[in-house]
Each structure stands twice: as structure tokens, then as C-alpha cells.
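One structure is given here, and the rest of the page talks about it.
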Amino acid sequence: MEEERVELEGFITFYKYHNVQTGYKIALFKIDDNLQERVITIVGYFPDFKKEDRLFVAGHFVKHPRYGLQLDVEEINVLLPTEESMIIRFLSSSRFPKLGKATATKLYHYLKEDCISILVNQPQIYDELLANKVVNEQQVISLKNGLSSYDYTNTAIQLLIRYGLSMKNIMKIESTYKDKVDMILQTNPYQIIMDIEGIGFKTIDKLALNMNIAVNDKRRVKAAILYIIQTLSHQKGDTYLSYDVLKRGFMHLILIEDAEFDTSLQELIDEKWIIVEEDRYYHFSLYQAEVCIAQRLKPLIERKIHVDFEKHLDAIIQEIEREDQIIYTDEQIQSLKETLKHGLFIITGGPGTGKTTLLDALIKIYKKGYSDQLTISLLAPTGRASKRMSTLANHYACTIHRFLKWDLHSNTFLKNENDQIKTDIVIIDEFSMVDTLLFASLLKGITGVSQMILIGDDGQLPSVGAGNLLYDLLQIEQIQKLKLNKIFRQSEGSSIIRLAHDIRYNLLNEKYLFGNDVRFYNIKNTQISEYIIQILKVALQQGYHLEEIQVIIPIYAAVAGIDNINQTIQDFVNPKSDDKPEIRVGHQIFRLNDRVLQLKNQPEDDIFNGDIGYIVDLDLENETMVVNFDGNEVEYSKNLFVNLTLAYAMSVHKAQGSEFKIVIMGAFREYGQMFNKKLIYTAVSRAKQALIILGNFETFLQQSKTEDKTVRKTTLQLRLKKVLS
């Protein structure tokens, strides 16, 4: 049952935590109920209040895993004092530095119980107060300043609440504009979109239209253009748009005259919100990111490294071979030596080609050659990829977000060009998943780097965000690179690796024979759930654990989509039971023992997008759940449930960067154009021991040869060639 909304009156006695950038606070709140003095903890996004401010607070109680019961604030404002003693106390508080208790008492006796309302709403009263020597000129200034702050709290914030903005967004606005919120709302509410990350066009547009801003108001038009250029760039993976694409997208959002669009667009160009080169229109953030990457990679690309221990390198490699009982090929040894010589080096290759072997060898060479004097930073774009990297390389690895200290509340990196991390060597795995903005943030956040090594598979899907970094960098002649083609795990009889290789190089045909660890079942889409359950039964009986098996599907909807399959598997492995609590969140039911996938980064809990865990506790009364992520137990309050989804089946993008012993994948025509060569290759290469494909063989064969026809529009190659010429 949903917790009832709680409404309280009282005072803030102490701020335990305050994020200055976002306005998020944790405070002790003394309840004023005339019966007992109770102190509770309140959390949320709200302005700074003084200790003497009597407040109205409304929200819902939530149980925090570490700090217990807290009131999650949804509404908060200062209450007008109504009694004589309270009014005098209010007017003699630190809010009005030039007024003392005597003057406050005189004011009350002169204006009576409507004292504050008159001072706020009848500005002409100040002349009368001065004439009658109730206050002096300095005290008038103090009164006006103090009451304007009060008036702001009760007007601007309440206005934003009334038009549906969340307290989180309201406090971002308050933190940015301070006492100028009302002025911003009156002059240009769309300025909020331009100044504050995370508050979108549609949110502010609803507010602005309710404030009677015209549909063709230039402020609205300019905000809509910025919204479209950012949205389409992200959706398409492009770092820029053409004029036609930009205008067409805009006209789907707002319909105005061509001249009005062109005038507003030119103003945004003049104001540097949009950068234009030829017929390329960039949002300034993506333009700056490309420029940043080109400029900051230049010295690394041009750097030739003299290896201090070069004469001992062969001996070091032989020592590693003895310790690890491995023999490197001549090609691998030559590759290791070549990698050590360049400031920027790229290693690419498909599954089984030895990328991990080279990574492990490199780290050991660095440690032995430099006697642990170097700082080596191992990074990956996802939590699961970083954990896998850490395990395979026997060296600490983390996500780029964690490395740069991404802040959940402000959606910014705490490590940046103003506070950089010093590190000698940076190695990034699964680099194909890294987008332009993230890589630029990394380059701005590090200093002292002598070498950067990028490892990836250029046959896999590109990043979800804008850009095509790995592909672009591979086209630059001056960047040293190594392409691994020889399949070392072929000797182990892995037909999964052979299949991935054959997909990559278009070697599939109608008579293709799948190996022992690959099975293809030619079925209808309506049969997929039935087949998956049968496969799971056999695998579990053979001793496999559920976390070792992953269903990978390209789309969410349809009968052979993720949502339907998740529910089917849930009902099989974790059926409904009277002794098993469950809770509905949107279209999904979460049940005790369910396998779930994290959808958003929560760095404060050490969990990240793509992490998989199990629900180990579900408290229906307090509406909380505890999820175990490989030994890290994280408690979720109700407002965080949306960060989770069932994980029995997941998308190819979510599975990218991970490996599973058994992968079950679908192959149906209903998956559409996105079911193409890169997506299939990426899905296939997630399997380590067994791959089971369910679907239509002709569709699988045809789509395995279908290249993604959408070419990502970027100009990173152009910028790199220019700075390197």
C-alpha cells in the first residue's frame, strides 16, 4: 500500500549534507506540533532556510539502508508567522540585520496582525513608517531585502511546483539563479534549458506556455532548435546535423514560418550555442568535444617512447612466460615491443584473438620494467566490462564514470580540467562503446599521461551516444595500431569464435555448418518462449547457474521481444508464491529472488549501468528492496525502483562488454532493420561455451550479411588530420 503523504510544520535545526551544485540536502527537522519536540531527517532538493524560519514540509517517508527513516521532501516553504510573539521573533531575526526586538515590536504594534502581509504587498507603507519614525532608512532596506527573499520562496518555487517541475529540477534552478529565479521566469524561462543540464525542452515548454508565452515566441523557437539538435545527434549517433535534417526535426516539434526559424537559428549561431562549418550544424558541446579530442590526442600520437629497460625486455618477457607457463608467439612478442614505443596505440581484434593476453602481458612488463613506479589506470565504459578487465588482468579496473568521480545529483564529473587526475598510463578496454562526450571528458580529466592504449573490437556496435571513435581513430594513418586476426582459441575447438569470425568476414552461406557449441533451431517467433524454457531446464539440470545463462534479444516489444521473454522466464525460474513478496513497477513485477539489471549509474552505491544482481529482500510495508550485486548489497527505496529491470533477457547493447557461458539469442524478421551484421556479431561474441540461436535461418543468414547502412556523421578524422598536418 502506498504511504500516505505527510504534512508537517517545524524548523530546520542542522544541515547534515548540502550539494551546492544541485541543492540536494539532508537536514534535521524539528517538528512543531505543540505536544512533543521530535526531530526527524528530511532529504531532497530545497533552498537554504534560516533556523528561525517556520516551515511547512510535505512528502513521503522512505527507509534509507544506512540512515533509517527519512522524509523525502516534495513541497517546502516558509510559513507566515501569525501570532504576535512569532511575528516579532521573525522580524527581529537574522533575516533582517538592522532590526532589533524593539523595532520589531514597534512595527507589530503599528501594523497589527497583518503586519507582514502589509509590508510585502503594500510597498507605499514604507513612506508612512519613515514619516512616523517607526523605522529608519537602513531598516527599510533591511526589511525589503529580507522580505523579498521570503517572497521568492513563496512565489517562484511555488509557481514551478504548480506547473509540474520536480523538486530536484526546482532546486537546480534555485541553485543556479539564487534570488533571480522570478526574473528568469518573467524574462525567459527557456534560459533554464540552456544554463542547466538535465532540464529538457518539454518540461520548460509546458511551464512557459502556461505563462502565456506565444507559440512562435523567439525564446521558444531557439530553445526548440537546441533541443532538436541535441536529441537528433544522440539518436543518430552523429556529432552534427545538416540544415535540412535540423529543420525537418524542428518542424515536427513546432510549426512556424521558415523566416522565423532561420532568424532564430542565426541568433543561436551568433551566440555560439550552435557552431556551423560548411553545411554542418553542431551543438557547441559536441563541437568542443571533437576539438578537445583532436588537440589532446595530438601530443600522444606524435610521442615516441624510449623504453628505459629495452635491453632487458626479452628477459622480462621470458620471466613472464615462466611464471605464467605460457609461450608467446613471435608475432605476440613483436606486438608487445611495438606497443611500448608509442604514446597512443590501438589494439583491435575479435573474440579469441589474444587481446586479453596482450593486455595482461603489457601490465606485467610495465610493473617489472618500471618497478611499480608507474601509475596504470585500467578503464572500461561499463561496470561489468571493468570487473571482467580487472579479473583477467589481475589489476584494479573501473568505469570511466567512476574514475572521473561522476556525481549523480549534478550529472557532472568532479574530475575535470580544473581538478585533474595524474596518471602515467591509461588503458581503455571495450573502446568501441565509448562516445565522443565521454572520451573528451576523460581527456580533460587526466594529466601527466605518457601513454594511452585503446583496446576494442571494431566489428561490434558503436557507442550509444554520439560519435564513432574507434572507427575514426583507426582511419588516421599517424596513429599506430595492431589488428589481431589469428584466432588463438580456435585450437580449443570453439565454433562460437569461428562463427563470429565468419560473420565478420561474410563467410556464411546456405550450407553453413554450425560447430558443436553452436545450435540453431529453426522456429516461429511464437515458439521462442517455449524453446527458451526447455533450454533452461536442460542447462540447469546439467549444473549451470542462472547467472551463467543470458538471453539476448534486439527489441523490447513483440512476442519475441525482451519484455515478453523476461516475464516467461520469471514465471519459470521464480514463479509467484504466497511466501514470496512481489511488487509491480510499471509494466513489470519484481519478485523476491528475481534477477535484475541496473539501468543507471549509482556511484555512491558502487553500482553502474549494466550491473546484474538478485533481489534478496523485498519489504512491501516500507516499499524497499535489497539487491545483491556480487556481494555488494544495495537497498532501493521506491523512487529508485525505476533504475532496475528484469535481467533474464536483455538487449545487445546492455550485454555488450560482458561474456556469459551460455547465450540464447533470437533471430526473427520482426526485429527489423536494427537486426544487422554488427548487432548479430556483437551478440554472438558474448558467448563463451555455448550459443543457441532460435529463429529463422534465412533471416539470420541474410541479416548477418546486412551492413548497417546508417553512416555516422562525425568530423573527428578531419580535425585530427588538420592538427597532425
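Could you check P189 against (1) at pLDDT 70 or above; (2) part of a helix (DSSP H, G or I); (3) not acidic (D, E) and say which number it fails?
Answer for P189: the failing condition is (2).
Taking the conditions exactly as written (basic (K, R) and either in contact with a helix residue (DSSP H, G or I) (Cβ under 8 Å, 6 or more places away or on another chain) or under 20 Å from P381 (Cβ atoms) (or both)), does K600 satisfy them or not?
yes
Return the only residue of S386, S371, S377 being touching a helix residue (DSSP H, G or I) at 6+ places or on another chain (Cβ under 7 Å) and either within 30 Å of I196 (Cβ to Cβ) or polar (S, T, N, Q) (or both).
Being touching a helix residue (DSSP H, G or I) at 6+ places or on another chain (Cβ under 7 Å) and either within 30 Å of I196 (Cβ to Cβ) or polar (S, T, N, Q) (or both) holds for just one of S386, S371, S377, which is S377.
Would you confirm, using the coordinates I've provided, whether M452 is out of contact with any Gly (no Cβ under 6 Å at 6 or more places or on another chain), crowded, with 22+ Cβ neighbours inside 10 Å and modelled with pLDDT of 95 or more?
In short, yes.
If I ask for residues that are over 16 Å from N468 (Cβ atoms) and not small (G, A, S), which ones from region 697-725 would you list?
Within region 697-725, F697, E698, T699, F700, L701, Q702, Q703, K705, T706, K722, V723, L724 meet the criteria.
Does Q266 satisfy the criteria of being touching a residue at least 60 places away in the same chain (Cβ under 8 Å), surrounded by fewer than 15 Cβ atoms within 10 Å (Cβ to Cβ) and assigned to a helix (DSSP H, G or I)?
In short, no.
Wholly within region 38-134, which helices (runs of 4 or more DSSP H) include no fewer than the required count, namely at least 1 residues that are under 47 Å from the mean Cα position of the chain (by Cα), hydrophobic (A, V, I, L, M, F, W, C) and on the phi > 0 side of the Ramachandran plot?
none
Could you grab me the full set of residues in region 269-278 that are of a type in the set (K, R) and part of a strand (DSSP E or B)?
The answer is none; no residue qualifies.
With the structure loaded, tell me whether V616 is of a type in the set (A, V, I, L, M) and open to solvent by less than 60 Å² (accessible area, probe 1.4 Å) or whether it fails that test.
No; evaluated as a whole, the condition is false for this residue.
So which residues in region 27-52 are open to solvent by 30 Å² or more (accessible area, probe 1.4 Å) and modelled with pLDDT of 85 or more, if there are any at all?
L28, K30 - these are the residues of region 27-52 that are open to solvent by 30 Å² or more (accessible area, probe 1.4 Å) and modelled with pLDDT of 85 or more.
From D458, D429, which residue is under 24 Å from T239 (Cβ atoms), of a type in the set (D, E) and surrounded by 24 or more Cβ atoms within 10 Å (Cβ to Cβ)?
Criteria check complete, one pass: D429.
Take the residues in region 192-222 that are of a type in the set (D, E, K, R) and not in a helix (DSSP H, G or I); name whichever of them is surrounded by the most Cβ atoms within 10 Å (Cβ to Cβ).
Per the criteria, the residue is D217.
Report whether or not L597 is at pLDDT 85 or above and surrounded by 20 or more Cβ atoms within 10 Å (Cβ to Cβ).
yes
Out of all the residues in region 574-583, is one or more in contact (Cβ under 8 Å) with a residue 24 or more places away in the chain and open to solvent by less than 40 Å² (accessible area, probe 1.4 Å)?
Checking region 574-583: at least one residue is in contact (Cβ under 8 Å) with a residue 24 or more places away in the chain and open to solvent by less than 40 Å² (accessible area, probe 1.4 Å).
Residue pairs, Cβ under 7 Å, 6 or more apart or interchain, first in region 223-250 and in contact (Cβ under 8 Å) with a residue 60 or more places away in the chain and buried (at least 23 other Cβ atoms within 10 Å of the Cβ), second assigned to a helix (DSSP H, G or I) and of a type in the set (D, E). List them.
T239/E290
Within region 251-271, does at least one residue satisfy the condition of being of a type in the set (A, V, I, L, M, F, W, C), in contact with a Lys or Arg (Cβ under 6 Å, 6 or more places away or on another chain) and on the phi < 0 side of the Ramachandran plot?
The answer is yes; a qualifying residue exists.
Checking the conditions here, which among K483, K444 is modelled with pLDDT of 90 or more, surrounded by fewer than 22 Cβ atoms within 10 Å (Cβ to Cβ) and closer than 16 Å to G349 by Cα?
Of the residues listed, the single one that is modelled with pLDDT of 90 or more, surrounded by fewer than 22 Cβ atoms within 10 Å (Cβ to Cβ) and closer than 16 Å to G349 by Cα is K483.
Just the residues that are open to solvent by 10 Å² or more (accessible area, probe 1.4 Å), of a type in the set (S, T, N, Q) and either farther than 30 Å from K486 by Cβ or in contact (Cβ under 8 Å) with a residue 40 or more places away in the chain (or both), please, taken from region 387-414.
Within region 387-414, S410, N411, T412 meet the criteria.
The values are calculated or read from the model by the stated rules, or taken from the named source; none is laboratory data. As the structure is a prediction and not an experimental result, all values here were calculated from the model. We place every Cβ from the backbone using ideal geometry, glycine too, and count neighbours over all the protein chains shown. The accessibility values were calculated without ligands, DNA or RNA, using every heavy atom of the protein model including side chains. Shrake-Rupley method; radii C 1.70, N 1.55, O 1.52, S 1.80 Å.
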